[in-house]
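Q: Take this structure, written in structure tokens, and hold onto it; I'll ask about it next.
Each reported figure results from applying straightforward, stated rules to the coordinates on display, with no laboratory input. Only a predicted model underlies this, so the values are computations on that prediction, with no experimental measurement involved. Neighbour counts are summed over all protein chains in view; Cβ atoms, including those assigned to glycine, are modelled from backbone coordinates with ideal geometry.
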Amino acid sequence: MTIQKYEDWMRPQVVRLFDMEYATGESEFDRLFVRFYEHPFQQEMCIRIVAVDGERVAGFQSFFYWPVSVRGRQVRAYQSGNSLVHPDYRGKGLFGKMLNYIHEPGSGFNCELLIGFPVEASYNSFMRNGWLNPFNLQWYVKPLNPLLSFFSNPEKQLQRAWGERQQIDFACDSAGVAVAQMKSFDAYRMGYESGDFYRFSFSQGDQQAFFEMKAQRRKRVIRELIIGKMLFTHHDHAFMSQALKALVRQVKKNAHFTMMSCAVNDLCSSEQEVLKALGFRIIERKIYFIAKGPLADGEQDWSSWWMHRSDIDTW
């Protein structure tokens with residue numbers, strides 16, 4: 001068994017591996033694979049790792065460039081994702097070996113920060129590999145128009161009211177840590193994402209706020225609008241409250257969703273207080289957040305990390 005960098009001849013096997021596990025459809029996942037890894041924004045930056053048994057691909061793991069702004073400075077950060085081991089090779093420690101590969105001298109991999117949002121099945125493997133779990137993303141929900149949502153199409157309603165989302169640059173509060181919001185990153189992500197997305201901006205004097213949302217249907221009848229990102233030029237409680245109020249007001253004015261939801265850092269009291277004040281209720285659902293690397297090892301104030309659902313590659 002060999003742990004090495006991915007090579008182009010392996011692509012059909014990697015695609016089949018993911019189709020076998022998740023029923024993605026080989027053609028569909030092959031197109032996604034190209035858009036995700038071989039876009040100019042990503043191609044020369046990401047590292048793809050495989051476990052091979054002779055010429056058989058037994059596992060796949062990747063670290064893709066995910067720009068993060070750390071207190072006003074953009075750092076070389078990567079997100080871990082698309083981790084999978086073939087059923088015939090599970091229980092042999094391959095996942096941990098692929099995670100360790102980036103620390104080998106021959107990998108040529110260099111970064112300041114690694115982040116991830118692992119599922120339950122892989123969480124313990126990351127912990128054994130020395131990753132930190134400083135906080136999780138806590139989900140909040142707010143009921144909107146449960147009855148009206150059954151008889152309308154809120155996705156199209158909001159699309160007509162707000163139009164297509166635009167690529168933008170946004171400089172968030174330099175006192176914190178957030179995934180960078182920039183046009184070049186937008187161009188990359190919009191090339192592979194699918195779904196109904198929306199963006200909303202709010203300003204008051206020299207203060208600005210930026211929100212990104214995505215519509216989701218649950219059990220065919222529940223129309224959920226997820227606030228995937230909240231960015232502010234100033235983390236002032238009063239301004240944050242006014243911005244979120246304006247967002248909720250505009251959503252209710254233009255569309256009939258069953259509910260809104262948002263996942264925020266469970267150490268970030270400012271965002272949680274604003275959500276609670278506006279009627280968002282905490283629920284028993286969280287998303288793991290993990291980190292590793294020089295910046296993570298020396299971090300003291302994890303409460304200023306403004307991470308949200310849209311920061312995950314699967315948004």
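Q: Say a site is exposed when it is one of the trypsin sites (Lys or Arg not before Pro), sits in a DSSP loop, and has at most 11 other Cβ atoms within 10 Å; what is then the longest site-free stretch of the chain? Walk me through the intermediate numbers first.
A: Details: sites that count: Lys219, Arg220.
It runs 1-218.
Q: Please list the radius of gyration and Dmax for the range 121-255, considering alpha-carbon atoms only, with Å as the unit.
A: 17.1, 50
Q: How big is the convex hull of the Cα atoms of the range 14-134, per residue, in Å³?
A: Working: hull volume 15.6 nm³, N = 121.
Given the Cα convex hull of the range 14-134, per-residue volume reads 129 Å³.
Q: Once you put a point 7 Å from the Cα of Ile168 and another 7 Å from the Cα of Ile282, both along the Cβ direction, what distance in nm separates them?
A: 3.0 nm
Q: Residue farthest toward the positive end of the dipole of the range 43-161, with Cβ of Lys/Arg at +1 and Asp/Glu at -1: which of Asn153, Leu99, Gln61?
A: Of the candidates, Asn153 comes out farthest on the positive side.
Q: Which of the GluC sites (Glu not before Pro) found in the range 1-85 are loop residues per DSSP with 15 or fewer other Cβ atoms within 10 Å of their Cβ? Write out the running numbers ahead of the final one.
A: Values: sites: Glu7, Glu21, Glu26, Glu28, Glu38, Glu44, Glu55; in loops: Glu7, Glu38, Glu44, Glu55.
Here the sparse-neighbourhood loop sites are Glu7, Glu38, Glu44, Glu55.
Q: Oh, and also: Fully extended, how many nm does the chain gain between Glu28 and Glu44 (0.36 nm per residue separation, minus their Cα-Cα distance)? Please report the intermediate quantities before stating the final value.
A: Details: separation 16, 0.36 × 16 = 5.76 nm, distance 2.31 nm.
Length difference between fully extended and current span is 3.4 nm.
Q: Hey, which of these cross-link pairs are over 29 Å Cα-Cα: Lys5/Lys214; Lys92/Lys219; Lys214/Lys245; Lys97/Lys214; Lys183/Lys219; Lys142/Lys292? Before the final figure, lay out the partial values.
A: Numbers: Lys5/Lys214 34 Å; Lys92/Lys219 38 Å; Lys214/Lys245 18 Å; Lys97/Lys214 36 Å; Lys183/Lys219 34 Å; Lys142/Lys292 33 Å.
Going by Cα-Cα distance, Lys5/Lys214; Lys92/Lys219; Lys97/Lys214; Lys183/Lys219; Lys142/Lys292 fall outside the 29 Å limit.
Q: Determine the sum of side-chain charges near Asp8: Lys and Arg each +1, Asp and Glu each -1, restricted to other residues whose C-beta is under 12 angstrom from that of Asp8. Before the final figure, lay out the partial values.
A: Numbers: positive: Lys5, Arg11, Arg48; negative: Glu7, Glu38.
So the environment of Asp8 carries a net charge of +1.
Q: Counting Lys +1, Arg +1, Asp -1, Glu -1, what net charge surrounds Arg56 among other residues with beta carbon under 13 Å of its beta carbon?
A: On the way: positive: Arg16; negative: Asp53, Glu55, Asp88.
Neighbourhood net charge equals -2.
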